[in-house]
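Heads up: the structure comes next, in structure tokens.
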Amino acid sequence: MRVLYVLATYLLFAVLFPVLALHRKTRHGLMERLGFYGPNSHLPPGDGPILWLHGASAGDLLALSPMFGPLRARFPGCRLLLSTMTDSGYAMAKGRLANDIDGVVYVPYDLWGATRRAVRAIRPDVLVLEYTEIWPNLIRAAKRGGARVVMTNGRFSPANVGKYQTLFLLIGNPLRDLDLLLMREEDEAVRARQLGARPDWVKVTGNTKFDALAAGPVPEDENLRTALGLTPGERVWIAGSTHEGEEAQLLGVYARLRERWPDLRLVIAPRYVDRAARIVTLAREAGLSVGLRSQGNPERGQVVVLDTIGELSRAYRLATVVFVGGSFTTRGGQNILEPAGQGKPVLYGPHMDNFRDSVALLTGQGGLQVQDAAALEQALVSLLEAPERLASLGAQALETVGRISGASERNAEAMTTLFPHGRPDPR
């Protein structure tokens with residue numbers, strides 16, 4: 001069965017390689033993606049265990065980041081290596097996370113040869129896979145190399161269980177090669193067991209993305225405020241992680257709100273920063289002045305486009321109120337708990353399928369779900385008319401996030417059970 005998967009991956013790779021090599025998210029790091037890392041080229045020397053943590057994108061790496069401290073505490077002298085699939089994730093690791101890790105690489109394509117070359121170069125003691133990053137060749141290569149393999153923030157969509165079962169029948173069940181499956185919720189754990197994971201290796205530990213948020217708000221970033229061209233005391237509406245089709249609606253709402261609140265500023269942070277020019281055009285067509293954060297917004301535009309990577313969480317600290325995008329489209333939403341963790345009232349649209357757990361937690365507890373742009377405008381008017389309600393919702397949001405932390409500590413503690421003495425034996 002594994003032979004079938006190995007052959008299928010090479011055939012699929014031959015077909016998809018031109019797309020992978022040219023796509024804006026995956027066009028860099030070709031040699032690393034083929035497993036040519038070079039021995040010890042990305043990690044400092046040392047005798048401590050190597051913990052390889054993989055997240056597909058920048059958001060996944062941020063979800064992993066609260067575990068860095070707990071892992072270092074439980075595995076003294078360990079070296080933390082991050083891998084990612086996207087160029088934005090790589091930039092995030094090299095920038096915002098650089099001081100907390102020891103190295104970053106592009107994850108190898110899930111090819112028999114590439115994964116084995118990668119494991120030989122890195123020699124991990126533990127491979128941590130985020131969410132549903134189930135790559136059979138990589139898992140098998142890590143196991144053959146002597147590593148323990150762990151899933152964190154594990155999730156399996158109920159809609160996809162049947163597809164997984166069929167796939168595993170064809171290629172063999174990679175879940176049986178995992179040493180620990182640390183799931184977000186009990187129903188996720190039930191599905192993991194249903195898919196064939198060993199029951200005693202499945203644990204419910206929660207979601208680490210909540211831990212980074214539970215630390216609460218920090219002082220506002222005045223340097224970022226200046227770079228955005230914002231003035232202290234202004235009302236600031238931040239629309240985070242927006243997608244195509246949403247900005248035009250938001251700009252229409254904003255133009256009408258400004259008639260009543262002339263000091264209101266709008267910061268739009270597109271999910272993909274290469275769409276910044278498109279948003280600038282839309283703002284000008286709506287009769288609004290607009291500037292770019294990357295240029296310091298010299299125009300002091302009414303609308304500011306946050307066209308940089310890794311600054312959205314900091315920007316949320318400057319907000320009066322937040323709308324999170326991906327929710328007026330069929331993309332399934334984006335992270336609504338990040339602004340909530342900054343003590344901000346959060347609004348979001350009806351399409352939040354990928355964040356149902358967050359919606360269940362936050363709606364009515366600092367979050368408001370609206371059905372369309374008209375309802376969003378009505379909600380914003382209501383909130384801007386009542387500053388005391390804005391403050392109350394922000395406090396509720398912060399309290400809600402504070403109740404759901406601790407997964408990172410539980411995950412790190414669970415990983416110590418993989419080794420007889422609490423840590424890997426020296427190699």
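Can you work out which of the residues in region 84-101 that are open to solvent by less than 50 Å² (accessible area, probe 1.4 Å) and outside any helix (DSSP H, G or I) is farthest from Leu138 (Cα to Cα)?
Selected residue: Gly95.
Can Gly113 be described as outside any helix (DSSP H, G or I) and of a type in the set (Gly, Ala, Ser)?
Details: outside any helix (DSSP H, G or I): no; of a type in the set (Gly, Ala, Ser): yes.
Against the criterion (outside any helix (DSSP H, G or I) and of a type in the set (Gly, Ala, Ser)), Gly113 does not qualify.
Test Val401 against the criterion of being part of a helix (DSSP H, G or I), in contact (Cβ under 8 Å) with a residue 12 or more places away in the chain and not aromatic (Phe, Trp, Tyr), and give yes or no. Outline the logic, then answer.
Working: part of a helix (DSSP H, G or I): yes; in contact (Cβ under 8 Å) with a residue 12 or more places away in the chain: yes; not aromatic (Phe, Trp, Tyr): yes.
So Val401 passes the test.
Among the residues of region 320-337, write down those that are within 21 Å of Leu384 (Cα to Cα) and open to solvent by 10 Å² or more (accessible area, probe 1.4 Å).
The answer is Thr320, and nothing else.
So which helices (runs of 4 or more DSSP H) stay within region 167-276 end to end and still have 2 or more residues that are acidic (Asp, Glu), touching a strand residue (DSSP E or B) at 6+ places or on another chain (Cβ under 9 Å) and touching a residue at least 24 places away in the same chain (Cβ under 8 Å)? Lay out the reasoning, then the answer.
Values: elements: 186-194, 209-214, 222-227, 247-258.
Passing ranges: none, list empty.
Looking at Arg265, is it touching an Asp or Glu at 6+ places or on another chain (Cβ under 7 Å), more than 16 Å from Gln295 (Cβ to Cβ), surrounded by 15 or more Cβ atoms within 10 Å (Cβ to Cβ) and modelled with pLDDT of 95 or more? Give the steps one after another, and end with the answer.
On the way: touching an Asp or Glu at 6+ places or on another chain (Cβ under 7 Å): yes; more than 16 Å from Gln295 (Cβ to Cβ): yes; surrounded by 15 or more Cβ atoms within 10 Å (Cβ to Cβ): yes; modelled with pLDDT of 95 or more: yes.
Yes.
Give region 39-91 a look and list any residue that's in contact (Cβ under 8 Å) with a residue 24 or more places away in the chain, of a type in the set (D, E, K, R) and farther than 22 Å from Arg27 by Cα, or say none.
The answer is Asp47, Arg74, Arg79.
Please specify each residue of region 116-159 satisfying the condition of being part of a strand (DSSP E or B) and at positive phi. Steps first, please.
Taking region 116-159 first, the residues part of a strand (DSSP E or B) are 126-130, 148-154.
Matches in region 116-159: Asn153 only.
Among the residues of region 345-367, which ones are open to solvent by 10 Å² or more (accessible area, probe 1.4 Å) and assigned to a loop (DSSP other than H, G, I, E, B)? Don't jump to the end; show me each part of the working.
So in region 345-367, the residues open to solvent by 10 Å² or more (accessible area, probe 1.4 Å) come out as 350-351, 353-357, 359-361, 363-365.
Of everything in region 345-367, those that are open to solvent by 10 Å² or more (accessible area, probe 1.4 Å) and assigned to a loop (DSSP other than H, G, I, E, B) turn out to be Pro350, His351, Gly364, Gln365.
Taking into account only those residues within region 372-389 that are small (Gly, Ala, Ser) and more than 30 Å from the chain's Cα centre (by Cα), which is least open to solvent (accessible area, probe 1.4 Å)? Give the derivation first.
Kept after step one, since they are small (Gly, Ala, Ser), are these residues of region 372-389: 373-375, 379, 382, 386.
The next check asks that each one be more than 30 Å from the chain's Cα centre (by Cα); those that pass are 382, 386.
Numbers: Ser382: 48, Ala386: 18 Å².
Here the answer is Ala386.
Considering each of Tyr90, Tyr106 in turn, give the residue that is at negative phi, out of contact with any Asp or Glu (no Cβ under 6 Å at 6 or more places or on another chain) and of a type in the set (Ser, Thr, Tyr).
Of the residues listed, the single one that is at negative phi, out of contact with any Asp or Glu (no Cβ under 6 Å at 6 or more places or on another chain) and of a type in the set (Ser, Thr, Tyr) is Tyr90.
Do you know which of the residues in region 219-261 that are hydroxyl-bearing (Ser, Thr, Tyr) and under 17 Å from Asn297 (Cβ atoms) is surrounded by the most Cβ atoms within 10 Å (Cβ to Cβ)?
Among those residues, the one meeting the criterion is Tyr254.
List, please: which pairs have Cβ atoms under 7 Å, are six or more places apart or on different chains, and start with a residue in region 12-26 that is under 18 Å from Gly89 (Cβ atoms) and of a type in the set (D, E, K, R) and end with one that is open to solvent by 70 Å² or more (accessible area, probe 1.4 Å) and outside any loop (DSSP other than H, G, I, E, B)?
The qualifying pairs are Arg24/Asp274.
Table: residues versus (1) modelled with pLDDT under 95; (2) not charged (D, E, K, R).
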residue: Gly95; (1), (2): yes, yes
residue: Ile101; (1), (2): no, yes
residue: Tyr109; (1), (2): no, yes
residue: Ala141; (1), (2): no, yes
residue: Arg193; (1), (2): no, no
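So which pairs qualify, if the first residue must be in region 127-142 and within 14 Å of Gly35 (Cα to Cα), the second must be of a type in the set (Ser, Thr, Tyr) and not in a helix (DSSP H, G or I), the Cβ gap must be under 9 Å, and the two must be at least 6 apart or on different chains?
As it stands, the answer is Asn137/Tyr109, since those pairs meet every condition given.
Identify all residues within region 188-211 that are in contact with a helix residue (DSSP H, G or I) (Cβ under 8 Å, 6 or more places away or on another chain) and farther than 18 Å from Glu413 by Cα; write none if there are none. Can you show your working first?
So in region 188-211, the residues in contact with a helix residue (DSSP H, G or I) (Cβ under 8 Å, 6 or more places away or on another chain) come out as 191-199, 202-211.
Arg191, Ala192, Arg193, Gln194, Leu195, Gly196, Ala197, Arg198, Pro199, listed by residue number.
Only one of (1) at pLDDT 95 or above; (2) more than 23 Å from the chain's Cα centre (by Cα) is not met by Glu222, so which one is it?
If we test Glu222 against (1) at pLDDT 95 or above; (2) more than 23 Å from the chain's Cα centre (by Cα), just (1) comes out false.
Could you tell me how many of the residues in region 309-330 are touching a Gly at 6+ places or on another chain (Cβ under 8 Å) and not small (Gly, Ala, Ser)? Steps first, please.
In the first step, residues of region 309-330 are kept if they are touching a Gly at 6+ places or on another chain (Cβ under 8 Å); the result is 309-310, 312, 315-316, 322-329.
Filter once more, keeping what is not small (Gly, Ala, Ser): 309, 312, 316, 322-324, 328-329.
Within region 309-330, residues that are touching a Gly at 6+ places or on another chain (Cβ under 8 Å) and not small (Gly, Ala, Ser) number 8.
Output the qualifying pairs, or none if there are none: Cβ atoms under 7 angstrom, residues six or more apart or on different chains, first residue in region 339-356 and on the phi > 0 side of the Ramachandran plot, second residue buried (at least 22 other Cβ atoms within 10 Å of the Cβ).
Note: pairs meeting the criteria are Gly343/Gly394; Gly343/Ala397.
Just the residues that are surrounded by 14 or more Cβ atoms within 10 Å (Cβ to Cβ), over 12 Å from Tyr106 (Cβ atoms) and among the aromatic types (Phe, Trp, Tyr), please, taken from region 11-60.
Phe13, Trp52
Just name the residue that is nearest to Ala239 (Cα to Cα) out of those in region 307-317 that are in contact with a strand residue (DSSP E or B) (Cβ under 7 Å, 6 or more places away or on another chain) and open to solvent by 10 Å² or more (accessible area, probe 1.4 Å). Full working, then the answer.
Keep residues of region 307-317 that are in contact with a strand residue (DSSP E or B) (Cβ under 7 Å, 6 or more places away or on another chain), which gives 307, 312, 315-316.
After this cut, where a residue has to be open to solvent by 10 Å² or more (accessible area, probe 1.4 Å) as well, the list is 307, 312.
Details: Asp307: 13, Leu312: 10 Å.
Looking at the filtered set, the residue picked out is Leu312.
The values are calculated or read from the model by the stated rules, or taken from the named source; none is laboratory data. Just so we're clear, the structure is a prediction, and the values are computed from it rather than from any experiment. Every residue, glycine among them, receives a Cβ derived from its backbone with ideal geometry; neighbour counts consider all protein chains shown. Keep in mind that these areas ignore ligands, DNA and RNA; they rest on the heavy atoms of the full protein, side chains included. Shrake-Rupley method; radii C 1.70, N 1.55, O 1.52, S 1.80 Å.
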